[in-house]
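Q: For reference, the structure I am asking about is given below.
The values are calculated or read from the model by the stated rules, or taken from the named source; none is laboratory data. Bear in mind that the values here come from a model prediction, so they are computed numbers and not experimental data. Only protein heavy atoms, including side chains, enter the accessible area calculation; ligands, DNA and RNA are left aside. Shrake-Rupley method; radii C 1.70, N 1.55, O 1.52, S 1.80 Å.
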Amino acid sequence: MQPDGYHLAELNVGRLLAPTDDPRVAEFMANLDRVNGLGKRMPGFVWMMEGSGEPGTGNTENSIGDDPQFVANLTVWKDAPSLEKFVWGTIHKQFYERRQEWFEVLGAMHFVMWWVPEGHEPTLDEAMERLEHLRSHGATEHAFDWSALKDAKMWQSHGCSHVAAE
């Protein structure tokens, strides 16, 4: 249940199959601005970490280790239905369904959500701590996945997997 005065933050981490200038990931890279731009225009969108989804941008706030092929997407939404509509009700769904073409299958949970006070812009460090908490303790009020959101249903029919890159 969404607490009053809170928004929904989400972190999604993936690792590209190849460097960003490799033809194997060219289609994904060519559409990144388009998909992120659509997300920013969606009803319920609140905030996106600059460089979200862009590996190797040189922005140390977005770096995950020393691997330039890692992608971190960190956003804040008004509520779960807003995020869900973007993920599975727009062109984003087409890219989500083709993620195995561009991303490695990760062996650990790589997606996490949590409630943030309205106006809060989470850091990547904060988000990674939430992801680690979810990995270690399962879904709690501190960190959770789609299954914890009773008003979110679309994820159940779209093959959301804990190990496949999203």
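Q: How long are the three semi-axes of the equivalent ellipsoid for the stretch 60-147, computed from the Cα gyration tensor as the root of 5 times each eigenvalue, in whole Å, largest first?
A: In descending order, the three semi-axes are 20, 19, 14 Å.
Q: Computed on alpha carbon atoms, what radius of gyration and Dmax characterise the stretch 1-127, expressed in Å?
A: 14.3, 46
Q: What is the percent of Cα-Cα separations in the stretch 1-48 that go past 12 Å?
A: Counting every Cα pair in the stretch 1-48, those more than 12 Å apart make up 73 percent.
Q: Ordering 125, 151 by how much accessible area each has at a 1.4 Å probe, largest first, what is the list?
A: These residues rank, largest area first, as 125, 151.
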